[in-house]
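A quick write-up on the structure given underneath.
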Ligand code: NAD
C-alpha cells in the first residue's frame, strides 16, 4: 500500500484526538484513557514437522478501568504490535459505547492459519494459551479472549481446555474465554452475533427518515443494495441476515480469489456452500468476475461493507468509492486519511466501534452465562409458556372463538436462549445508536458518526476513572 502516513494505531489515536477536544476533559485523564496499559510480546517454540518454529505473538490490554479486559485473538501473518495495540484500544471504546463492562484487549499470533494442519494449529493455540496463563493474561476476572480474524469456536475450545488443565477446579473457569462451541460452555447466537449486530445497526440508522433524506436515500433498509468484502464470519452473517430479515440485495462479493457481481442479487447462503465445495467464489452461477479484485470498492451501491481487514479503504482508493454508506463491519477498514476524502464526498461512515460490537455484546452474555452456571431461558421458559397459554385460553373462552394451532404456538412460546440473546443484542445496538446520534445532533461541530461515537465512549471511560477516584 502506497500510504506512508498513519499506521492503524496512529489512525485510532488521530480519531481519539479529534473527539477528545469535544469532551472538555483534562489532558492527563485523556492521556491515561488513550495509552495501552500492558503489552505482552512473546516468542515461543512449537514443533512443526521434523523441526521447531519460533512463533511471534502478542496480548495487549489497553485499559484496566474495568476488569476483566476483553478482546479477540487474531491469527494472521500481518499481525504486529501496532495492529494489536490499535485493536485493543478500539475494544475499550467499543465496550464503553455498548455498555459492556470490560476494559479493552486484543491478542495476535503471527501465522497464516492456512499453512498449518489442524493438529499444528492446536499445538500453537495451546502453547499461546499456556503463555497467557503463565503471565496472568487470561482468566474470568482478568482478561477474556474471543475469536477474531482467522480464529473461531474451535480455537476457543482449545484455549478453555488448556486453561482448565492448568487451573483445575476453578469454579468459573469456563468464563476464561468466549465464543466457545455451544456444547462446550458456549452460547446460542454467538457465531452470528457480529454480523447480526451489523444488520441491526444498519437497520436502525436507516429508520430515521430525516437522516435518510440527508443521505439521498429512502427510509428503511429494505431494497438497499450492498457490496461485501470478505466472506468470513462477519461478512457471511451480515449478508445472509440482511437479505433474509432486511430485504437487502447483495450485488457483489469480494474474496481473496476475486470479486463477483450480479446486479439481480447474490444468495449468500448458496455462495458460502459453493465456496466450500469449489474452494472459490469465482464461477458462482449468475455472477460475473471483475477484472481486478480490488475494484469492489468502486461498485455503485447503497451500502459498502468492508468485512475483511483494516486499511482496505485508504488514500489510494477512497476517491473511487461510489457508495452512500460505508458500514465498518471489520475493524479499522477505513484509514484516517481516507476518511477525510470520504467525508468531503458526503459518504456516511458507520464506525466499527459501534457497528461490529455485536460480537463482544454476545460474548458478554456468554460470560454472564458461564458465571451463573445456567442456560438463559431455563428457569422462565415453561412458566412464560404456561402463562401465555392461560391468557389465550381465557381469550378463547371470553370471545367464543378458537385460535388456530399455528397462532397458538406463536403466541404462547416461551423464550429460548437464542431468542433472549438476539433480543439483548437488538436492544444494545438500538440504544447505542441513539446515544451516538444524540451526540451527533447535539454537538454542532461533531461532523461525523465516528467522532460522535468516540465522544460518547471517552466520556463513559472517563466517568469510570472518576468513580475509581483516580481522577477527581
Ligand atoms: P474471518 O477470518 O472469518 O473472515 C475474513 C475473510 O476476509 C476471510 O474469508 C478472508 O479470506 C477474507 N479476506 C482477507 N483479505 C481479503 C481481501 N484483501 N479481499 C477480500 N477478502 C479478504 O474473520 P472475521 O472474524 O469475519 O473478521 C473480519 C473482520 O471483522 C476483522 O477486522 C475482525 O477484527 C472484525 N471483527 C470480527 C468479530 C468476530 O466476532 N469474528 C467481531 C468484531 C470485529
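The values are calculated or read from the model by the stated rules, or taken from the named source; none is laboratory data. Predicted model only: the values in this text are computed from it and were never measured. Quick reminder, even Gly has a Cβ in these numbers, built from the backbone with ideal geometry, and neighbours come from all protein chains shown.
Rundown of residues vs (1) without any contact (Cβ under 8 Å) to a residue 12 or more places away in the chain; (2) out of contact with any helix residue (DSSP H, G or I) (no Cβ under 7 Å at 6 or more places or on another chain); (3) within 14 Å of the ligand (Cβ to nearest atom); (4) not in a helix (DSSP H, G or I), yes/no style:
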{"residue": "90", "(1), (2), (3), (4)": "no, no, yes, no"}
{"residue": "121", "(1), (2), (3), (4)": "no, no, yes, no"}
{"residue": "126", "(1), (2), (3), (4)": "no, no, no, no"}
{"residue": "141", "(1), (2), (3), (4)": "no, yes, no, yes"}
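State whether one or more residues within the range 93-108 are out of contact with any helix residue (DSSP H, G or I) (no Cβ under 7 Å at 6 or more places or on another chain), buried (at least 19 other Cβ atoms within 10 Å of the Cβ) and either assigned to a helix (DSSP H, G or I) or at pLDDT below 95 (or both). The answer is no; no qualifying residue exists. If we scan the range 445-465, do we find a residue that is out of contact with any helix residue (DSSP H, G or I) (no Cβ under 6 Å at 6 or more places or on another chain), farther than 26 Å from residue 358 by Cβ and free of Cβ contacts under 8 Å to residues at least 60 places away in the same chain? Scanning the range 445-465 turns up no residue that is out of contact with any helix residue (DSSP H, G or I) (no Cβ under 6 Å at 6 or more places or on another chain), farther than 26 Å from residue 358 by Cβ and free of Cβ contacts under 8 Å to residues at least 60 places away in the same chain.
Put simply, of 354, 376, 364, 388 the only residue that is away from the ligand (no atom under 16 Å from the Cβ) and part of a helix (DSSP H, G or I) is 388. Exactly one residue out of 146, 175 is in a helix (DSSP H, G or I) and under 27 Å from residue 90 (Cβ atoms), and it is 175. Does residue 63 meet the test of being touching a strand residue (DSSP E or B) at 6+ places or on another chain (Cβ under 8 Å), part of a helix (DSSP H, G or I) and under 30 Å from residue 469 (Cβ atoms)? So residue 63 does not fit the description; no. For the range 297-336, taking the residues that are part of a helix (DSSP H, G or I) and over 23 Å from residue 92 (Cα atoms), the one that is farthest from the ligand (Cβ to nearest atom) is identified as 319.
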